[in-house]
Amino acid sequence: MGPLPAADAGAPCIVFIHGGYWQRNSKDQFASMIAGPFAHGWAAALPGYTLAPDASLTEIVAEINAALDWLAANGPAHGIAGKVVLSGWSAGGHLTAACLGHARVSAGLSISGVFELGPIRDTYLNEKLSLTDTEIETLSPLRMPMIKKPLAIAYGTAELPPLVADSRDLHAKRAVEHLPGVLIPVAGSDHFTITHELRDADGQLTQQLLLLG
């Protein structure tokens, strides 16, 4: 998990999940993503997960929930006892929405997330994922029961159109149920430059995260 406590054990903690379409990258490559909130006195944790095809999406989701279980049980001993805000980018944005219901999580910030898995099965990305009908039905945040916790949803206005649509659709579905959480269109950002808004202490997403803490 790699917990990084703040000076104040009661400070909020960002748990950031890396992206890479569930089959690339590692948590170490995204360590800079906690820099913004860390500069504001937050604690942080960076869970890793087994990449596809060595793990199914069902197993990846279970690993993130297990990491949150670990934080709930062991966080105080590592100086992390405050509110937990779950966040992630791309595939990590999906995992944020999928794991928002964990008891240790108070709120979420999904960045450029994939919230409907059906179209993934028709692309090369599915060669390693091998999504099942059950996974598409039960692990697509747009099809899952809406969680009654704050979930901020961010996307870049220069983002891939399907990801823009997913973000807008999930926010709209939550809004129908009067659930809290803002939709954040980050002007001019694409799938990659949007991450700068959380990395930087004065970034737009860092500022939104502070509101969730």
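The values are calculated or read from the model by the stated rules, or taken from the named source; none is laboratory data. All values derive from a computational prediction rather than experimental measurement. Cβ placement follows ideal geometry from the backbone for every residue including glycine, while neighbour counts extend to all protein chains displayed. Just so you know, the surface numbers come from the protein's heavy atoms only, side chains and all, with ligands and any DNA or RNA stripped out. Shrake-Rupley method; radii C 1.70, N 1.55, O 1.52, S 1.80 Å.
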Q. Under a point-charge model restricted to the Cβ atoms of Lys and Arg (+1) and Asp and Glu (-1), what is the dipole moment magnitude of the range 1-112 relative to its Cα centre, in debye to the nearest 20?
A. 200
Q: Could you work out which residue, out of VAL182, VAL15, VAL105, moves most in a Gaussian network model of the chain, that is, has the largest mean-square fluctuation with Cα springs under 10 Å?
A: VAL182
**Q.** Most mobile listed residue (SER167, SER189, SER90) in the chain, GNM with C-alpha springs under 10 Å
**A.** SER189
Q: Please give the residues of the range 109-143, grouped as numeric ranges, whose backbone N is less than 18 Å from a label point set 7 Å along the Cα-to-Cβ vector of GLN29.
A: 111-114, 124-129
Q) So which GluC sites (Glu not before Pro) in the range 126-213 pass both tests, a DSSP loop state and at most 14 other Cβ atoms within 10 Å of the Cβ? A) GLU177
Q. Just one of (i) 102; (ii) 133; (iii) 93 is volume of the Cα convex hull per residue in Å³ calculated from these coordinates, so which is it?
A. (i)
Q | Signed unit charges on C-beta, dipole axis of the range 153-213, positive-most listed residue HIS171, LEU209, GLY188 | A | HIS171
Q) Counting alpha carbon pairs within less than 8 Å and at least 6 residues apart, what relative contact order, in whole percent, applies to the range 1-101? A) 45
Q. Quick one: of the DSSP bridges fully inside the chain, what percent are antiparallel, nearest 5?
A. 5
Q) Taking the Cα centre of the range 91-213 as the origin, how large is its charge dipole in debye, to the nearest 20, when only Lys and Arg (+1) and Asp and Glu (-1) carry charge on their Cβ atoms? A) 440
Q) Roughly to the nearest percent, how much of the accessible area of the range 1-112 is carbon and sulfur, given a 1.4 Å probe? A) 55
Q.
Could you tell me the relative contact order of the chain? Use alpha-carbon pairs under 8 Å, at least six residues apart, and round to a whole percent.
A. 22
Q: Before anything else, pin down the relative contact order of the range 112-170: Cα pairs under 8 Å, at least 6 apart, normalised by residue count, whole percent.
A: 51
Q) Which of the trypsin sites (Lys or Arg not before Pro) across the range 92-157 are loop residues per DSSP, with 15 or fewer other Cβ within 10 Å? A) ARG143, LYS148
Q | Most fluctuating residue given options GLY20, GLY48, GLY101, as computed from a GNM of the chain linking Cα atoms under 10 Å | A | GLY20
